[in-house]
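Shown next, in structure tokens, is the structure this report addresses.
Just so it is clear, none of the values below were taken in a lab; they were calculated from the coordinates. Predicted, not measured: the structure shown is a model, and the values here were computed from it. Positions of Cβ are backbone-derived with ideal geometry, glycine not excepted, and every protein chain shown enters the neighbour counts.
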Amino acid sequence: MPELPEVETVMRGLALRLEGRRIRAAALLRGDLRRAIPSGLAARLTGSTVIGFRRRGKYILMRLAGGDSLLIHLGMSGRMAIRLQGPAEMDREKHEHLILETDEGWRIGLIDPRRFGLLDLMPTAAEDAHVLLRDMGPEPLDEAFTVAVLSEALRGRRTPIKAALLDQRIVAGLGNIYVSEALFRAGISPRRLAGSVPGVRAQRLVPAIKATLGEAIAAGGSSLRDYVQPDGELGYFQHAWKVYGRAGMACERCPGPPGCAGVKRIVQAGRSTFFCPRTQL
DNA sequence: AGAAGGCCCTGCGTGC
DNA sequence: TGCACGCAGGGCCTTC
């Protein structure tokens, strides 16, 4: 589930309870997520003070006093559960892999049934050199992500634009949902070869990506109010997709039949893509 | 070099 | 109610 906007929302929710706080206890309940978790991770977290957070693509970096950063990736099914620690709530939830307890008594759990997520520890000074981060493309919401930058990355590519935008080396943080949504917004077919996008289409695509992500983050931010409550679940929030998951339904740009049969679902590289064949060319 | 496909893992909805 | 199947928002590895 978590793409850039969800990861951003989760990070902000974590910051609410962890920034400036001391981790009173940390327990690693399962060490085999996508990658093996460093054995000393729980010990390093215990007693540490959290000084800040950063997001890079779909990764969260939690910075500790003393110069280390905890890398968190939620995979496809990861979420964070935040609640006040109570005497009857010591038990772990199913698929809960890491539990942190703050000096204020908040209990923060990482839950990931499919275990496609990961945790790692690194020096804060070397965050960007981490093997999982070093080849990542620009942050789409940064000013540095421009039409020229995206065009250069796409030029000559003979893969569908859908696949190119999922490639984290081209742009960081987009996943299957927001790629479909951004391409719909830009009026570009997901099947179009990436190399044909530079030009007028890239001029539509870059602002479409920024707006799509920006609106989703705003929706997540408004849902953050709920996380302030003691039983907050970070990771999911209500958001209305325009094409994702809407196969057969009319898109907002079309009048419906007979002019248009509605949103179409196709499979590209084994994954679902949703688009409007009439307005995305 | 770059792209397509298989695979990792568990849960859920659907149809029989 | 049970069971088989397909599908799921990520990313890595192998193959071609």
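Within segment A:158-190, being under 27 Å from A:Met76 (Cα atoms), away from DNA strand C (no atom under 12 Å from the Cβ), assigned to a loop (DSSP other than H, G, I, E, B) and in contact with a helix residue (DSSP H, G or I) (Cβ under 7 Å, 6 or more places away or on another chain) holds for A:Thr159, A:Ile188, A:Pro190. Can you tell me which residues in segment A:34-82 are farther than 19 Å from A:Arg134 by Cα and β-branched (Val, Ile, Thr)? Listed by number, the residues that qualify are A:Ile37, A:Thr46, A:Thr49, A:Val50, A:Ile51, A:Ile82. Annotation note: Cβ proximity below 8 Å between a residue of segment A:176-203 that is at positive phi and a residue that is surrounded by fewer than 21 Cβ atoms within 10 Å (Cβ to Cβ) (sequence gap 6+ or interchain) occurs for A:Gly187/A:Arg204; A:Gly187/A:Thr279; A:Gly187/A:Leu281; A:Gly199/A:Ser151.
Is it the case that A:Phe145 is aromatic (Phe, Trp, Tyr), within 14 Å of DNA strand B (Cβ to nearest atom) and either closer than 30 Å to A:Arg204 by Cβ or within 21 Å of the chain's Cα centre (by Cα) (or both)? No: the conditions fail for A:Phe145.
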